[in-house]
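The block underneath contains the structure these notes are about, expressed in structure tokens.
Each reported figure results from applying straightforward, stated rules to the coordinates on display, with no laboratory input. What you see is a predicted model; the values in this text were computed from it and never measured. Don't worry about glycine lacking a Cβ; one is built from the backbone with ideal geometry, like all the others, and counts go over all protein chains shown.
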Amino acid sequence: MPVFCHVDDKQVPLYRIVWISDLPHFCGDDECEREGQYEIRLEESESVFATNLAEHDAAVEALQAWLLGQQQEDESN
């Protein structure tokens with residue numbers, strides 16, 4: 001089972017993900033470079049941004065599959 005997901009140009013370890021935004025980023029700042037991207041918060045107050053909905057959905061699915069696999073391992077032990 002993979003423990004990484006691809007976000008932007010990075011391979012992100014699933015175990016570092018704290019939360020994934022359901023809505024695209026919007027702050028209204030004219031100089032914002034993340035407008036319309038989906039924030040994926042990591043531990044240590046770091047973030048990466050999914051550049052489109054497909055990357056967002058792939059990260060959510062990878063995290064759900066990884067967590068489900070962890071739960072099944074725990075139940076079988």
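Please determine, by comparing only the residues of the range 43-69 that are aliphatic (A, V, I, L, M) and crowded, with 17+ Cβ neighbours inside 10 Å, which one is nearest to His6 (Cα to Cα).
Only one residue fits best here, namely Ala59.
Would you confirm whether any residue within the range 28-37 is within 22 Å of Gly69 (Cβ to Cβ), free of Cβ contacts under 8 Å to residues at least 24 places away in the same chain and surrounded by fewer than 16 Cβ atoms within 10 Å (Cβ to Cβ)?
Let us first name the residues in the range 28-37 that are within 22 Å of Gly69 (Cβ to Cβ), namely none.
Checked the range 28-37: no residue is within 22 Å of Gly69 (Cβ to Cβ), free of Cβ contacts under 8 Å to residues at least 24 places away in the same chain and surrounded by fewer than 16 Cβ atoms within 10 Å (Cβ to Cβ).
Return the total of residues in the range 38-60 being charged (D, E, K, R) and touching a residue at least 40 places away in the same chain (Cβ under 8 Å). Full working, then the answer.
Here is the first cut: in the range 38-60, the residues charged (D, E, K, R) are 39, 41, 43-44, 46, 55, 57.
Retained after the next criterion (residues that are touching a residue at least 40 places away in the same chain (Cβ under 8 Å)): 55.
Total satisfying the criteria: 1.
Could you tell me how many of the residues in the range 1-48 are more than 18 Å from Val60 (Cβ to Cβ) and out of contact with any helix residue (DSSP H, G or I) (no Cβ under 9 Å at 6 or more places or on another chain)?
The qualifying residues number 12.
So which residues in the range 8-27 are closer than 21 Å to Trp66 by Cα and surrounded by fewer than 16 Cβ atoms within 10 Å (Cβ to Cβ)?
Listed by number, the residues that qualify are Asp8, Asp9, Lys10, Gln11, Pro13, Tyr15, Arg16, Val18, Trp19, Ser21, Asp22.
In the range 3-27, how many are within 17 Å of Ala54 (Cβ to Cβ), in contact (Cβ under 8 Å) with a residue 40 or more places away in the chain and not in a strand (DSSP E or B)?
Residues flagged as within 17 Å of Ala54 (Cβ to Cβ), in contact (Cβ under 8 Å) with a residue 40 or more places away in the chain and not in a strand (DSSP E or B) within the range 3-27 amount to 1.
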